[in-house]
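K.L.:
Please read through the structure below; I'll follow up with questions.
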Amino acid sequence: MSDRTDDPARAGDERRDLRADCGNCAGLCCVAPAFAASADFAVDKPAEQPCHNLLDDFRCGIHADLRERGFPGCAVFDCFGAGQHVTQVTFDGRSWRDTPEIASSMFTTFAVMRQLREILWYLTEALALLPECPLREELDHARRRTERLTDADAEELATVDAAAYRQEISPLLTRVSETMRAEVGDRASDRRGAELIEAKLRGAKLRGASLRGSYLLGADLRGADLHRTDLLGADLRAADLRGALLEGSLFLTQPQIEAAKGDAATTIPPALTRPAHWPTSTAPERTSSRPHRRRRR
Ligand code: SF4
């Protein structure tokens, strides 16, 4: 029997467990990946070298000013709880700093875990949203399988091809999306993977459309209706979501809305948190920043 979450509050809690808990992490995202200086990250940083802003206790020395200091990429990042899981579960509370011989393995594990936890987010979201139907059993199986993988030891995790696993799960998520969107009357046309950079979509009715993997950098989506719109992997950096209706959208994540602009009138799914940098008023902003395009991770 499936364990569909009918209680929205509980569904939100399950997904909240798939969010970063930096206080229980060894600062893995601040060490493991390499960064090239860009609009998102102010300096070059080689892989497996700590960011110069990382403190001895693994806190970020400029956390309160990341955007102002040229590190907006860090402000929007969320590891889906991979950091604390690798630190506390896979490596039993040890850290690359205290035990240097595990450092390389820890960083490799983090890269795999981040992808697995993101997949787990989508599967959990799908189970929370999808009504009773045969697809739920497959979803439940996929979620349990993914959970088991995240609990494997470092040696086994090192053998996981996370990109291939993502490809394997993707058709299942596509079927969920199609099922959910089929319920929408007068659906907007699909624009999966579309180049919509700085597109003028103010007030657009995008209900039930697939915008999966689309490039919406800097797009004007003010007041757009995104009910049951599939936004999995859509690049929303600097997109203007003021007044947009995102509450019933599909597969929207915290990093996506953190990278976008919104306001008090923007509605978001209950499992997400309203970004702290969004103004609490609905007054129009005068400036618009042109985002730099980059490859999606
Ligand atoms: S890896 Fe995740 S939990 Fe760890 S510091 Fe980065 S965001 Fe926080």
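The values are calculated or read from the model by the stated rules, or taken from the named source; none is laboratory data. The shown structure was predicted, so the numbers you read here are calculated from the model rather than taken from an experiment. Glycine gets a Cβ as well: all are built from the backbone with ideal geometry, and neighbour counts include every protein chain shown.
K.L.:
Of all residues in region 251-271 being in contact with a helix residue (DSSP H, G or I) (Cβ under 7 Å, 6 or more places away or on another chain) and closer than 23 Å to Thr179 by Cβ, which is surrounded by the fewest Cβ atoms within 10 Å (Cβ to Cβ)?
P.N.:
Among those that are in contact with a helix residue (DSSP H, G or I) (Cβ under 7 Å, 6 or more places away or on another chain) and closer than 23 Å to Thr179 by Cβ, it is Pro270.
K.L.:
I've got another one for you. Between Ala224, Ala234, Ala209, Ala219, which is among the aliphatic types (A, V, I, L, M) and within 18 Å of the chain's Cα centre (by Cα)?
P.N.:
One residue alone meets the criteria, Ala234.
For (1) farther than 21 Å from Asp78 by Cβ; (2) small (Gly, Ala, Ser), each residue gets a yes or a no:
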{"site": "Lys200", "(1), (2)": "yes, no"}
{"site": "Lys205", "(1), (2)": "yes, no"}
{"site": "Gly218", "(1), (2)": "yes, yes"}
{"site": "His227", "(1), (2)": "yes, no"}
{"site": "Gly233", "(1), (2)": "no, yes"}
{"site": "Leu246", "(1), (2)": "no, no"}
{"site": "Leu250", "(1), (2)": "no, no"}
{"site": "Ala259", "(1), (2)": "no, yes"}
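K.L.:
Considering only residues that are part of a loop (DSSP other than H, G, I, E, B) and among the basic types (Lys, Arg), look in region 237-265 and name the one that is farthest from the chain's Cα centre (by Cα).
P.N.:
Arg242
K.L.:
Continuing with this model, one more query. Which residue, of Gly248, Gly208, Gly203, Gly223, is in contact (Cβ under 8 Å) with a residue 12 or more places away in the chain, under 19 Å from Leu173 (Cβ atoms) and surrounded by fewer than 19 Cβ atoms within 10 Å (Cβ to Cβ)?
P.N.:
Gly248
K.L.:
Could you run through region 142-173 and say how many residues are small (Gly, Ala, Ser) and more than 23 Å from Glu101 (Cα to Cα)?
P.N.:
The qualifying residues number 5.
K.L.:
Given the conditions (1) surrounded by fewer than 18 Cβ atoms within 10 Å (Cβ to Cβ); (2) under 17 Å from the mean Cα position of the chain (by Cα); (3) at pLDDT below 95, which single one is not true for Arg274?
P.N.:
Evaluating Arg274 over (1) surrounded by fewer than 18 Cβ atoms within 10 Å (Cβ to Cβ); (2) under 17 Å from the mean Cα position of the chain (by Cα); (3) at pLDDT below 95 leaves (3) as the failure.
K.L.:
What's the total number of residues in region 55-84 that are within 9 Å of the ligand (Cβ to nearest atom) and either within 28 Å of Tyr122 (Cβ to Cβ) or of a type outside the set (Lys, Arg) (or both)?
P.N.:
Of the residues in region 55-84, 11 are within 9 Å of the ligand (Cβ to nearest atom) and either within 28 Å of Tyr122 (Cβ to Cβ) or of a type outside the set (Lys, Arg) (or both).
K.L.:
Let me ask you something else. In region 157-188, what residues are surrounded by fewer than 13 Cβ atoms within 10 Å (Cβ to Cβ), part of a helix (DSSP H, G or I) and over 21 Å from the mean Cα position of the chain (by Cα)?
P.N.:
Scanning region 157-188 gives a single hit, Ala182.
Residue by residue, here is whether (1) touching a helix residue (DSSP H, G or I) at 6+ places or on another chain (Cβ under 7 Å); (2) part of a helix (DSSP H, G or I); (3) within 16 Å of the ligand (Cβ to nearest atom); (4) modelled with pLDDT under 95 holds:
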{"site": "Met113", "(1), (2), (3), (4)": "yes, yes, yes, no"}
{"site": "Tyr122", "(1), (2), (3), (4)": "yes, yes, no, no"}
{"site": "Pro131", "(1), (2), (3), (4)": "no, no, no, yes"}
{"site": "Arg145", "(1), (2), (3), (4)": "no, yes, no, no"}
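K.L.:
Of the numbered conditions (1) within 14 Å of the ligand (Cβ to nearest atom); (2) surrounded by fewer than 20 Cβ atoms within 10 Å (Cβ to Cβ); (3) touching a residue at least 12 places away in the same chain (Cβ under 8 Å), Gly93 fails exactly one; give the number of that condition.
P.N.:
Among (1) within 14 Å of the ligand (Cβ to nearest atom); (2) surrounded by fewer than 20 Cβ atoms within 10 Å (Cβ to Cβ); (3) touching a residue at least 12 places away in the same chain (Cβ under 8 Å), Gly93 violates only (3).
K.L.:
Can you pull out the residues in region 193-230 that are out of contact with any Asp or Glu (no Cβ under 8 Å at 6 or more places or on another chain), more than 11 Å from Leu241 (Cα to Cα) and of a type in the set (D, E, K, R)?
P.N.:
Glu195, Asp230
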